[in-house]
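Have a look at the structure below before the remarks.
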Amino acid sequence: MRVHLHLLSGVEGDEEILGRMHEVNGRLPIARVIYKAGNVFFGIDFLAAPFRAEHLAQAMTGLAALADVVLDDLRGTGVEAEASVVN
């Protein structure tokens with residue numbers, strides 16, 4: 001099962017942002033930054049069976065704790081001027 005946050009919209013999928021995403025993904029053992037059609041998502045996978053609400057809560061808490069750091073890393077590439085943050 002994957003829980004994800006929508007971090008950015010209107011992002012050009014150029015070499016610079018994809019490279020920065022690759023760097024971030026290399027540092028995170030279980031979470032991933034994902035690019036799809038001009039949008040950047042931040043997701044984490046966890047086992048779906050057996051489903052336990054506390055696993056979902058832990059996944060959401062972990063993403064929230066890391067999201068600002070990841071967003072700052074991505075903005076460092078000039079994405080800030082080109083993309084809008086999704087709230």
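The values are calculated or read from the model by the stated rules, or taken from the named source; none is laboratory data. Note that the structure is a prediction, hence the values are computed from the model and not measured. Note that we place each Cβ from the backbone using ideal geometry, even for glycine, and neighbour counts take in every protein chain shown. When the accessible area is computed, the model is the full protein with side chains, heavy atoms only, and any ligands, DNA or RNA have been set aside. Shrake-Rupley method; radii C 1.70, N 1.55, O 1.52, S 1.80 Å.
Points worth noting:
- Axis angle, to the nearest 10 degrees, between helix 15-27 and the longest C-alpha principal axis of the chain: 30 degrees.
- Trypsin sites (Lys or Arg not before Pro) within region 9-71: DSSP coil, no more than 16 neighbouring Cβ in 10 Å: Arg52
- When peptides 61-70, 40-49 are sorted by average Cβ neighbour count within 10 Å, with the highest value leading, the order is 40-49, 61-70.
- Between Met60 and Arg32, the contour length at 0.36 nm per residue exceeds the Cα-Cα span by 8.7 nm.
- Helix 53-74 and the longest principal axis of the C-alpha atoms of the chain enclose an angle of approximately 10°.
- Rounded if a/c under 1.5, otherwise prolate or oblate - region 1-47, Cα gyration tensor axes: oblate
- The residues of region 1-65 have, on average, 63 Å² of accessible surface per residue, using a 1.4 Å probe with all protein chains present.
- Full extension of the segment from Phe51 to Ala67, taken as 0.36 nm per residue of separation minus the current Cα-Cα distance, would add 3.4 nm.
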